[in-house]
1. Considering only residues that are closer than 17 Å to Thr60 by Cβ and either hydroxyl-bearing (Ser, Thr, Tyr) or surrounded by 11 or more Cβ atoms within 10 Å (Cβ to Cβ) (or both), which ones fall in region 17-34?
2. Check region 57-64 and report whether any residue there is more than 10 Å from the chain's Cα centre (by Cα), surrounded by 12 or more Cβ atoms within 10 Å (Cβ to Cβ) and either modelled with pLDDT of 95 or more or assigned to a helix (DSSP H, G or I) (or both).
3. How many residues does region 39-51 contain that are surrounded by 12 or more Cβ atoms within 10 Å (Cβ to Cβ) and either of a type outside the set (A, V, I, L, M) or touching a Phe, Trp or Tyr at 6+ places or on another chain (Cβ under 7 Å) (or both)?
Amino acid sequence: MRSKLAMDLSVPPYVIFHDKTLVAMAIHRPTSATKFLELSGVGTTKLERFGEAFMAVLRTGKTETESES
């Protein structure tokens, strides 16, 4: 998901979230905005732009694209 977002926005993947932040997401699996904001590397802007999409993957284990197939 991070790679696709980065490609769509023409930025390097680490601009979306650093690897360390992705690892923290996998460990803590936040399902609310409050919990997502507690992760290192997540602020209000990234929460607003990417939070729901990443939390959906954490809940379902599938990206939006995978869910459509």
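1. Step one: of region 17-34, the residues closer than 17 Å to Thr60 by Cβ are 22, 25-26, 28-32.
Across region 17-34, the qualifying residues are Leu22, Met25, His28, Arg29, Pro30, Thr31, Ser32.
2. Yes, the conditions are met somewhere in region 57-64.
3. Residues flagged as surrounded by 12 or more Cβ atoms within 10 Å (Cβ to Cβ) and either of a type outside the set (A, V, I, L, M) or touching a Phe, Trp or Tyr at 6+ places or on another chain (Cβ under 7 Å) (or both) within region 39-51 amount to 7.
The values are calculated or read from the model by the stated rules, or taken from the named source; none is laboratory data. Just so it is clear, the model here is predicted, and its values are computed rather than measured. Every residue, glycine as well, gets a Cβ built from its backbone with ideal geometry; the counts of neighbours run over all protein chains shown.
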